[in-house]
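Where a number appears in this text, it was derived from the coordinates with a stated rule and is not lab data. Keep in mind that this is a model prediction, so the values were computed, not measured. Neighbour counts are summed over all protein chains in view; Cβ atoms, including those assigned to glycine, are modelled from backbone coordinates with ideal geometry.
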Amino acid sequence: MGRVGDWLRRKVRDPLVAELRQGVTPEALATAVATGAALGLLPFLGTTTAACALAGRLARLNHLALQLTNYLLAPVQLLLIIPFVRLGERLTGAEPVAIDLATVARVFTETPGLFFERFGLAGLHAALAWVVVVPALAWVLRRLLLPTFRRLATLTPRP
C-alpha cells in the first residue's frame, strides 16, 4: 500500500475498527460518521469542532468518529463555502455578492463589524444551502457506510 493508503489505514480505518472492538455498534458508528461529515461541512470556519462536540453530547454519538470525520473534511469545508453561498443566493433570488478571499480575510481581521455588515447575508445564504443539501448527503453517507461497518464488525472480535 502507498503512503496515503498507509496513513488512511492507521489514522482512519484502525481507530474506527478499534471502536467496533470496544463495543460500538455499526449503526452508531455510521450515524456518528455521517453526523461528523454533515457538521464538518458547516460553512462557518471555526464552528465545526464545537458543533460536533455538542451533537455528540446531546445525541450520545461517538466523539472519536465525529471529530475524526470533521477533521478529515476540513479541506472540503473550505472548498464548499463559496458554492454554498452561490446556491443560497440562487435559492433566494439574491444578487451574487463579490467574494475575494483576501479581502474577506482582511476585513474580518481588521474590522469584524464591517465584515458582518458586508458578508453576513452571504453567510445566511451559505447556511440555507447547507440546510438544504447536507441532510440528504448525511443520510446517503450513513446508508453507504452501514454495510461496511457491519462487515468490519463481523471481522472484529468484541469484548
Study note, to complete from the structure: Expressed in angstrom and rounded, the centroid-to-centroid distance over alpha carbons for segment 72-106 and segment 10-67 is 25
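Quick one: net charge of residue 34's neighbours, Cβ under 13 Å, K/R +1, D/E -1?
On the way: positive: 142, 143; negative: 27.
That works out to +1.
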Check your understanding: Once the dipole of the chain is set up with Lys and Arg at +1 and Asp and Glu at -1 on Cβ about the Cα centre, which of 136, 20, 59 lies farthest towards its positive end?
Key -> 20
Exercise for review: Between beta-carbons, use under 12 Å as the cut-off and find the net charge around residue 125, counting Lys and Arg +1, Asp and Glu -1.
Suggested key: 0
Review point. If you put +1 on each Lys and Arg Cβ and -1 on each Asp and Glu Cβ, how big is the dipole of segment 3-155 around its Cα centre, in Debye rounded to 20?
Key: 740
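For segment 75-159, what does the relative contact order come out to in percent, with C-alpha contacts under 8 Å and a separation of six or more? Let's see the in-between values first.
On the way: 39 pairs, mean separation 32.8, N = 85.
With pairs under 8 Å counted, the relative contact order is 39 percent.
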Practice item. For the chain, evaluate the Debye formula with one uniform point scatterer on each Cα (no solvent term) and list log10 I(q)/I(0) at q = 0.12, 0.15 Å⁻¹, rounded to two decimals. Key: -0.61, -0.85
Study note, to complete from the structure: Cα extents of segment 1-66 along the principal axes, largest first, in whole Å, come to 35, 29, 13
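For the chain, what's the relative contact order in percent, using C-alpha pairs closer than 8 Å and at least 6 residues apart? Write out the running numbers ahead of the final one.
Details: 164 pairs, mean separation 55.2, N = 159.
Computed value for the chain: 35 percent relative contact order.
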Revision key, fill the gap. In a Gaussian network model of the chain with springs linking alpha carbons closer than 10 Å, the residue among 49, 35, 111 that fluctuates most is 111
Review point. So which trypsin sites (Lys or Arg not before Pro) in segment 10-111 pass both tests, a DSSP loop state and at most 15 other Cβ atoms within 10 Å of the Cβ?
Key: 60
Point to revise | Debye intensity ratio I(q)/I(0), log10, segment 116-159, q values 0.30 Å⁻¹ (C-alpha model) | key: -0.94
